[in-house]
Amino acid sequence: MNKSLFGRNAMEWQIGDRMMVMTSDNSGGIGEKPLDEVNVPYEMVAYFAFRVAVMDCLSAGAVPISVIVHNFCGDDAWTKLVAGVRQGLTEIGADGAAVTGSTESNMVMQQSAVAVTIMGERVRDFSMLDHEQLEWSLAGKPLVGMEVVERAADVAPLSQGRVQLEDPQVALIWPVGSKGVAAEWAKLCDQLGIDAEMPDFGVNVMKSGGPATCWIVGRKRGVE
């Protein structure tokens, strides 16, 4: 297993003629427990943890074939967590992916904690494209905490990520994490060997992107 050369936070390994991809995300202190920092339903917690992991999966040119949920919220949260994952799978047209996982039921946690691991299969190879001849844009806006709920219209829809994955004119998808657009741009350039000045994305590039509420898109120059 090796780190994907062009996917963000993705591991990959080859099985015959199939390239498998693994990604993950976690959240803590977000959920339905009294001591959680952000109080939202567990369906939403799982959905956004899935969102981060699946955008990393899409950035590596892969779509999910299975999802593992790591539940530290208690037995009662399991059905809600799976429902949140299923919502995300439906939005990207991957309803057939298997969902399984495990619950910590021996110890009662004071705050919610959830992790999601995705196994995907690569359906296209972004690494074969010329990353230096691209026009750059940002899908969605960087949001964090309750902004994700209060400004839902500024969150890039997951379905858009799947459409972009299948668009032959899109050469790169790069999710924005908690360190913000500027940090992701630097990571993108370093990983792909690009020496390019960051374009004006029209947002605060230092602000956290929270649960991948936005992502950088590289599109072939001159193509509408």
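The values are calculated or read from the model by the stated rules, or taken from the named source; none is laboratory data. Note that this is a predicted model, so its numbers are computed, not measured. Note: ideal-geometry Cβ built from the backbone for every residue, glycine included; neighbour counts use all protein chains shown. Quick note on the areas: whole protein, heavy atoms, side chains included, nothing else; ligands and nucleic acids left out. Shrake-Rupley method; radii C 1.70, N 1.55, O 1.52, S 1.80 Å.
If a residue has to be within 22 Å of Pro157 (Cβ to Cβ) and open to solvent by less than 60 Å² (accessible area, probe 1.4 Å) to count, how many in the stretch 111-128 make the cut? Final tally of qualifying residues: 6.
Is it true that Trp185 is farther than 20 Å from Val54 by Cβ, within 18 Å of the chain's Cα centre (by Cα) and not basic (Lys, Arg)?
Working: farther than 20 Å from Val54 by Cβ: yes; within 18 Å of the chain's Cα centre (by Cα): yes; not basic (Lys, Arg): yes.
When the stated conditions are applied, Trp185 passes them.
Among the residues of the stretch 194-211, are any out of contact with any Asp or Glu (no Cβ under 6 Å at 6 or more places or on another chain), in contact (Cβ under 8 Å) with a residue 24 or more places away in the chain, in a helix (DSSP H, G or I) and open to solvent by 30 Å² or more (accessible area, probe 1.4 Å)? Checked the stretch 194-211: no residue is out of contact with any Asp or Glu (no Cβ under 6 Å at 6 or more places or on another chain), in contact (Cβ under 8 Å) with a residue 24 or more places away in the chain, in a helix (DSSP H, G or I) and open to solvent by 30 Å² or more (accessible area, probe 1.4 Å). Being assigned to a loop (DSSP other than H, G, I, E, B) and not hydrophobic (A, V, I, L, M, F, W, C) is the requirement here; does Asp130 meet it? Spelling it out, Asp130 is indeed assigned to a loop (DSSP other than H, G, I, E, B) and not hydrophobic (A, V, I, L, M, F, W, C). Just one of the numbered conditions (1) open to solvent by 20 Å² or more (accessible area, probe 1.4 Å); (2) of a type in the set (D, E, K, R); (3) in contact with a strand residue (DSSP E or B) (Cβ under 9 Å, 6 or more places away or on another chain); (4) closer than 18 Å to Asp56 by Cα is not true of Glu184: (1). In summary, Glu37 fulfils each of the numbered conditions (1) of a type in the set (D, E, K, R); (2) over 30 Å from Glu150 (Cα atoms); (3) at pLDDT below 95 with the single exception of condition (2).
Do we find that Leu188 is modelled with pLDDT of 95 or more, touching a Lys or Arg at 6+ places or on another chain (Cβ under 8 Å) and assigned to a helix (DSSP H, G or I) in this structure? It would help to see each step written out before you state the result.
Numbers: modelled with pLDDT of 95 or more: no; touching a Lys or Arg at 6+ places or on another chain (Cβ under 8 Å): yes; assigned to a helix (DSSP H, G or I): yes.
The answer is no for Leu188.
If I ask for residues that are β-branched (Val, Ile, Thr) and assigned to a loop (DSSP other than H, G, I, E, B), which ones from the stretch 212-224 would you list?
The initial filter retains those residues of the stretch 212-224 that are β-branched (Val, Ile, Thr), namely 213, 216-217, 223.
Within the stretch 212-224, Thr213, Val223 meet the criteria.
Output the number of residues of the stretch 20-49 satisfying the condition of being β-branched (Val, Ile, Thr) and either assigned to a strand (DSSP E or B) or open to solvent by 40 Å² or more (accessible area, probe 1.4 Å) (or both). Matching residues across the stretch 20-49 total 4.
Could you please find all residues in the stretch 137-153 being in contact with a Gly (Cβ under 6 Å, 6 or more places away or on another chain) and either within 16 Å of Phe6 (Cα to Cα) or not in a loop (DSSP other than H, G, I, E, B) (or both)? Let's see the steps before the verdict.
Quick first cut of the stretch 137-153, residues in contact with a Gly (Cβ under 6 Å, 6 or more places away or on another chain) only: 142-144, 148.
Correct list: Val148 only.
Here His131 fulfils each of the conditions (1) open to solvent by 60 Å² or more (accessible area, probe 1.4 Å); (2) touching a helix residue (DSSP H, G or I) at 6+ places or on another chain (Cβ under 6 Å); (3) at pLDDT below 95 apart from (1). Right, Val99: part of a strand (DSSP E or B) and within 23 Å of Glu32 (Cα to Cα) or not? Judged against the criteria, Val99 is a match.
Out of the stretch 56-110, which residues are buried (at least 18 other Cβ atoms within 10 Å of the Cβ) and either of a type in the set (D, E, K, R) or modelled with pLDDT under 95 (or both)? Across the stretch 56-110, the qualifying residues are Asp56, Lys80, Arg86, Glu91. The combined condition, being in contact (Cβ under 8 Å) with a residue 12 or more places away in the chain, over 17 Å from the mean Cα position of the chain (by Cα) and closer than 24 Å to Cys189 by Cα, is not fulfilled by Met55.
Taking into account only those residues within the stretch 1-19 that are assigned to a loop (DSSP other than H, G, I, E, B) and in contact (Cβ under 8 Å) with a residue 12 or more places away in the chain, which is surrounded by the fewest Cβ atoms within 10 Å (Cβ to Cβ)? The extreme case among them is Met1.
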